[in-house]
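Nothing in this text is a laboratory measurement; each read-out follows from the coordinates by a stated rule. None of the values given here were measured: they were computed from a predicted structure. All Cβ positions, glycine included, derive from the backbone under ideal geometry; neighbour counts span all protein chains shown.
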Amino acid sequence: MGLEPVKVGLLGLGTVGGGTVKVLSRNAREIARRAGREIRITRAAAKDYQPGTIPGTESIEVTDDAFRIVDDPDIEIVIELIGGYSPARELVLKAIENGKHVVTANKALIALHGDEIFAAAKAKGVMVAFEAAVAGGIPIIKAMREGLAANHIDWAAGIINGTGNFILTEMRDKGREFGEVLAEAQALGYAEADPTFDVEGIDAAHKLTIIASIAFGIPLQFDKTYTEGITRIEPQDVAYADEFGYRIKHLGITRKTDRGVEMRVHPTLIPERRLIANVDGVMNAVLVKGDAVGPTLYYGAGAGSEPTASAVVADVVDVARALTTDPDNHVPHLAFQAKDLSDMPVLPIEDVETAYYLRLQVRDQPGVMARIASILGDAGISIEAIKQKEPQENEVEVPLVLLTRRVNESRMNQAIEKIELLESVKGQVMRIRIEHLDG
Ligand code: HSE
């Protein structure tokens, strides 16, 4: 091969950084045949790195000062795998200022500062690639941005946090405790440094923000993504969902409506016959509905060392291939040309319409069901199914579970407020949205 190797600087030698070194060195020859030249990590930055702990690092100069790498004139591509907002943002902006191309797996960085980073990259004529930021090893950004470029995208829905899906799966299959499963996900290297990002839906909201922008050509608007975690889900909700023929998944959903774009992350009941309802453990899946292609499903490992490295290295190959092309003809970051992004509004959750699962703790006495049904009926909310268990001996309260038809969220909020005021209803109503995800 005639061309000189592409020199790469790697920021971060943790789970994904280590995987990237391993994959690049193990598959070096094949990757070079694909990229058209050798890809060589010459320098890496890591705090407290113990030499020899990652195979493939022998020929890499490791420093603990990441700024030395983004300032190194020999480096053409910087891979940012430190994560978090800062100093990742400063490092990436500095690399761009120094004329380097950037590959990152940092979803938080792209969801919050992507617009600023893309503008800086465009001004400088360098590439910023971030496939690994969404759904780990699944090439969902490439699929949406390039493979589905012919389509008007109607909606996308995904299981885009491996840790959360692992927890829900273990709760359902083995009845395990939430905290114990979370600790296992941390030990396996799936969870974020701050695991509340996983269980409170923030990590999924970062990824959904990026998916929505690519689907609809809108600026990144993380602050407008409605975010609800899985911490309130109880084993009994998982069991009731099963009885009605549904699975509870922590879903990110974005949909284009006449009034604006929905962007939301929350636990969701999905009919068990849908393929996506059967995506278990740490696996991710994204369902994208295009007007021409119909529903399409992308499935794979959404977290972990080598699966995420697979997406990182693919981006490096893309950049290496494109090094000689006209910067104005690169694939746009958010699929649509930057000057053609739309100002379509993002809908507040109160304006979103879904069906609902409601679980109430009620007194076992005559008329309770009628009062609840009449509150829902007065609000124009149609009940689809009801389940109430026979009380055990000496039990005075029983769970009552209802499935409703689709209704506007604000109307459901008002009905729930009235139901919670009933003397025969104990505590708060558990509400989980339902999506049928039909094509
Ligand atoms: N914490 C994330 C997850 C890692 O569990 O999916 C991949 O982004």
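If each residue's Cβ is checked for other Cβ atoms within 10 Å, how do TYR356, TYR49 rank with the fewest at the top? Provide the component values of the computation, followed by the final result.
Working: TYR356 23, TYR49 19.
With the fewest neighbours first, TYR356, TYR49 line up as TYR49, TYR356.
Just the number, please: Stokes-Einstein D of the stretch 1-152 in µm²/s, Kirkwood Rh from C-alpha pairs, 20 °C, 1.002 mPa s. Can you show the working numbers first?
Numbers: Rh = 16.0 Å.
Diffusion coefficient, whole number: 134 µm²/s.
What percent antiparallel are the DSSP beta bridges of the stretch 1-77, to the nearest 5? Walk me through the numbers before you get to the answer.
Details: 0 of 10 bridges.
Just about 0 percent of them are antiparallel.
Rounded to the nearest 0.05, what FRET efficiency do LYS418 and ASP173 have when you use their Cβ-Cβ distance and R0 = 30 Å? Could the numbers behind the result be given before it?
On the way: r = 37 Å, r/R0 = 1.23.
Efficiency computed from Cβ-Cβ geometry: 0.20.
Can you pull the Rg over Rh of the chain, Cα-only, Kirkwood?
Radius of gyration over Kirkwood radius for the chain works out to 1.04.
Compute the semi-axes of the equivalent ellipsoid of the stretch 237-291, taking the square root of 5 times each eigenvalue of the Cα gyration tensor, and list them largest first in whole Å. Intermediate values should be presented prior to the final figure.
Working: eigenvalues 103, 35, 24 Å².
Equivalent ellipsoid of the stretch 237-291: 23, 13, 11 Å, largest first.
How fast does the stretch 140-301 diffuse by Stokes-Einstein, in µm²/s, taking the Kirkwood radius from C-alpha pairs at 10 °C and 1.306 mPa s?
Details: Rh = 16.0 Å.
Answer, rounded: 99 µm²/s.
Using label points projected 7 Å from each Cα along Cα→Cβ, tell me how many nm separate ASP438 and ASP154, to one decimal.
1.1
May I ask for log10 I(q)/I(0) of the stretch 303-387 at q = 0.12, 0.16 Å⁻¹, from a Debye sum over the Cα atoms as equal point scatterers with solvent left out?
Normalising to I(0) and taking log10 leaves -0.71, -0.86.
Which far-off residues, 5 or more places away or on another chain, put their amide H under 5 Å from the one on THR227, with H placed in the peptide plane?
When sequence neighbours closer than 5 places are left aside, the close amide H contacts are VAL265.
Quick check on packing: order 138-149, 162-173 by the mean number of other C-beta atoms within 10 Å, highest mean leading. Spell out each step's value before the answer.
Values: 138-149: 19.4, 162-173: 23.3.
Listed from highest to lowest mean packing, they are 162-173, 138-149.
Measuring from centroid to centroid over Cα atoms, what is the spacing of the stretch 244-313 and the stretch 420-434 in Å?
28
Can you quote the Å³ per residue value for the convex hull of the Cα atoms in the stretch 345-410, rounded to an integer? Write out the running numbers ahead of the final one.
Details: hull volume 5.4 nm³, N = 66.
Given the Cα convex hull of the stretch 345-410, per-residue volume reads 82 Å³.
For labels at ARG34 and ALA193 in the simple 7 Å Cα→Cβ model, what's the distance in nm?
Distance between the two pseudo-spin positions: 2.9 nm.
May I ask you to sort PHE216, PHE118 by Cβ crowding, counting other Cβ atoms within 10 Å and putting the fewest first?
Numbers: PHE216 24, PHE118 20.
Listing PHE216, PHE118 from fewest to most nearby Cβ atoms yields PHE118, PHE216.
Size of the dipole of the chain about the Cα centre, Lys and Arg at +1 and Asp and Glu at -1 on the beta carbon, nothing else charged, in debye to 20?
Details: 48 positive and 64 negative charges, 182 e Å.
That gives the chain a dipole magnitude of about 880 debye.
Looking at LEU11, PHE197, ALA338, which one has the Cα that reaches farthest to the positive end of the dipole of the chain (charges on Cβ: Lys, Arg +1; Asp, Glu -1)?
ALA338
Highest mean first, how do 403-416, 321-334, 342-355 rank when packing is the count of other Cβ atoms within 10 Å averaged over residues?
Working: 403-416: 17.8, 321-334: 14.1, 342-355: 16.1.
So the peptides 403-416, 321-334, 342-355, ranked by packing, come out 403-416, 342-355, 321-334.
So, in nm, how far is label ASP280 from label ARG232 when the simple model puts each one 7 Å beyond its Cα toward the Cβ?
2.8
Report the extension gain between GLN50 and ARG371 in nm, rounded to one decimal, defined as 0.36 nm multiplied by the number of residues separating them, less their alpha carbon distance.
On the way: separation 321, 0.36 × 321 = 115.56 nm, distance 6.65 nm.
Stretched fully, the GLN50-ARG371 segment lengthens by 108.9 nm.
What shape does the stretch 378-439 take by its C-alpha gyration tensor, where a ≥ b ≥ c are the square roots of the eigenvalues and a/c under 1.5 counts as rounded, a/b above b/c as prolate, and the rest as oblate? Provide the component values of the computation, followed by the final result.
Working: a/c = 2.62, a/b = 1.49, b/c = 1.76.
Oblate.
For the pairs LYS174/LYS289; LYS7/LYS94; LYS22/LYS124; LYS142/LYS224; LYS122/LYS339, flag any whose C-alpha to C-alpha distance is greater than 21 Å. Display every interim value, and only then the final one.
Working: LYS174/LYS289 33 Å; LYS7/LYS94 17 Å; LYS22/LYS124 31 Å; LYS142/LYS224 24 Å; LYS122/LYS339 11 Å.
Correct reply: LYS174/LYS289; LYS22/LYS124; LYS142/LYS224.
Would you kindly compute the Cα radius of gyration of the stretch 272-424 and its largest Cα-Cα separation (Dmax), both in Å?
24.5, 78
Hey, fewest Cβ within 10 Å first, where do GLU390, GLU243 land in order? Kindly include the intermediate steps, with their values, before the conclusion.
Values: GLU390 7, GLU243 10.
Lowest to highest Cβ neighbour count: GLU390, GLU243.
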